[in-house]
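Okay, structure first, notes after.
Every read-out reported here was derived from the displayed coordinates using simple, explicitly stated rules and does not represent laboratory data. Remember, predicted model here, so these are calculated numbers, not experimental data. FYI the Cβ positions are ideal-geometry reconstructions off the backbone, even for glycines, and counts take in every protein chain you see.
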Amino acid sequence: MEISINIFGSPLNQNHRLIHLYQLTYFLASAMKIMKYIYSVMFATMMILLTASTFSYSFSQTPESNLASNIFNNKELVVPKNVKNFVILIPNEAHESPELPKDQRLINQPYVPQNLVVDPGTKIAWFAGDVGHMRKVILEDENSNEIFNSILKFNSASKALPFNQSGKFTYFETKANKDDPNFVMKGSVTVTGPEPNSSIDISNNSLKSNFDTLSIIMIPTKDINKHAKILNENSLNILDQYSFKDLRQTAGGGANQTLLVLGSNGPIDATISTLKKITSTLPYS
């Protein structure tokens, strides 16, 4: 007696039923494996896209992310409006002339940042990180009138000087290098009116409402984690960083120095105290 069933509309002989059931089972199992693979790929893709979009959002919401590279490459920084204090770094080997062999210098500017743009009322201090040297800061107004003069030992800072009047102020040190008597360490502070006269757009800079004090420090790249711990313990936030190959090439190649832009809501003296803790341990000579 012949018994027939119908699968997908085709009559099958009972003798072939087990074969076709096996084939159907194999087909369904294969289909399930394929769907499982597709779902896995879809899930992985979604996670990648979600991670990428989150990173992109985070990056886009931190306009300060180019602060350090701008300081290094353009030698300028426009300080956000709500920042009350700024500490300018006099880096190690700041007194070395660019006319002398490259192995004398670490960074491409005698002050970091070399040119600063601030709103009226901002207080500025200079921090001496030039190991083993006394540094002198003379500040003049646009009429070449001296309005500030400070001598700084290594690992010390000047008093915080308020800049209340608009204009461009120049600070400098002459005769900083006996091998190049014509070399002058020179920087500027431009105090703006309501709208900064600069090509740098800070209109969306989230820093304008977050930090009272900004500062700069230069450290060996390999020691970032060690110094980041000290900064964190003293409530200094690393807002941005930029690594570069120093002019002395002391690490034998690669990025061996890093600029850190730091922010704090504490008093400027607390920031300077933390900078001293780190600078006194740096391996520069």
Quiz item: So between THR221 and LYS276, what do we pick up on full extension, going 0.36 nm a residue minus the alpha carbon distance?
Solution: 18.0 nm
Practice problem: Would you mind getting me the FRET efficiency between PHE154 and ASN232? Use the beta-carbon distance for r and R0 = 35 Å, nearest 0.05. | Solution: 0.90
Quiz item: Hey, what do the phi angles of the stretch 129-134 turn into as Karplus ³J(HN,Hα) couplings, whole Hz, using 6.51/-1.76/1.60 and θ = phi - 60°, x for Gly and Pro?
Solution: x, 8, 4, x, 10, 8
